[in-house]
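One structure below.
The values are calculated or read from the model by the stated rules, or taken from the named source; none is laboratory data. Keep in mind it's a predicted model, so treat the numbers as computed, not measured. In this analysis, Cβ positions are derived from the backbone assuming ideal geometry, glycine residues included, and neighbour counts consider all displayed protein chains. What goes into the accessible areas is simple: the full protein's heavy atoms, side chains included, and nothing from ligands, DNA or RNA. Shrake-Rupley method; radii C 1.70, N 1.55, O 1.52, S 1.80 Å.
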Amino acid sequence: MSLLLQILLSSVAVYFTAWLLPGVSVKSFGASILVAIVLGILNAILKPILQFISFPVTIITLGLFLFVINTIIILIASALMGNSFHVENFWWALLFSIIMSIVVSIMESFV
């Protein structure tokens, strides 16, 4: 049940953040559920690999490079989702990542 709740919270955060930012679009709430699932899979598989490869850069930038990794994950999800989820460029993906993290944290504090 916890996994389903996490997917639901993430999909609400995706839908809200896409509504808030003009450079990000999601077709429907169903598409935001798929985006949440794709982001979860990419975060589970690809993110640890990218973090391992970029460990020296992450240390040098005092962890700020993790924002770049999150942005890359979102851009990959946008490429995989096609027309149902679209992010204009790197900067919109970076802002999407930051706002979505804040929204998920706020929602998880109420659950």
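Regarding GLY63, is this residue open to solvent by less than 60 Å² (accessible area, probe 1.4 Å), within 16 Å of SER101 (Cβ to Cβ), of a type in the set (Gly, Ala, Ser) and more than 16 Å from the chain's Cα centre (by Cα)?
Answer is yes for this residue.
Under the condition of being open to solvent by 90 Å² or more (accessible area, probe 1.4 Å) and assigned to a helix (DSSP H, G or I), which residue from the stretch 3-23 is modelled with the lowest pLDDT?
At the first step, the residues of the stretch 3-23 found to be open to solvent by 90 Å² or more (accessible area, probe 1.4 Å) are 3-4, 15, 19, 22.
Subsequent filtering for residues that are assigned to a helix (DSSP H, G or I) retains 3-4, 15, 19.
Working: LEU3: 88, LEU4: 91, TYR15: 96, TRP19: 95.
So, considering only residues that are open to solvent by 90 Å² or more (accessible area, probe 1.4 Å) and assigned to a helix (DSSP H, G or I), the one modelled with the lowest pLDDT is LEU3.
Quick one: count up the residues across the stretch 67-91 that are surrounded by 18 or more Cβ atoms within 10 Å (Cβ to Cβ) and under 16 Å from TYR15 (Cβ atoms).
6
Right, THR58: of a type in the set (Val, Ile, Thr) and more than 11 Å from the chain's Cα centre (by Cα) or not?
Yes: the conditions hold for THR58.
I'd like to know if the stretch 77-87 contains one or more residues that are part of a helix (DSSP H, G or I) and touching a Ser or Thr at 6+ places or on another chain (Cβ under 8 Å).
Looking only at the stretch 77-87, we keep the residues that are part of a helix (DSSP H, G or I), and these are 77-84.
Still in the running and touching a Ser or Thr at 6+ places or on another chain (Cβ under 8 Å): 84.
Taking every residue of the stretch 77-87 in turn, at least one turns out to be part of a helix (DSSP H, G or I) and touching a Ser or Thr at 6+ places or on another chain (Cβ under 8 Å).
Considering only residues of the stretch 24-57 that are under 21 Å from TRP92 (Cβ atoms) and not aliphatic (A, V, I, L, M), which is surrounded by the most Cβ atoms within 10 Å (Cβ to Cβ)?
Taking the candidates together, the pick is SER32.
Under 8 Å between Cβ atoms, which residue pairs at least 6 apart in sequence (or on different chains) link something in the stretch 11-23 that is touching a residue at least 12 places away in the same chain (Cβ under 8 Å) and over 10 Å from VAL35 (Cβ atoms) with a partner that is in a helix (DSSP H, G or I) and open to solvent by 80 Å² or more (accessible area, probe 1.4 Å)?
Final answer for the pair search is GLY23/TRP91.
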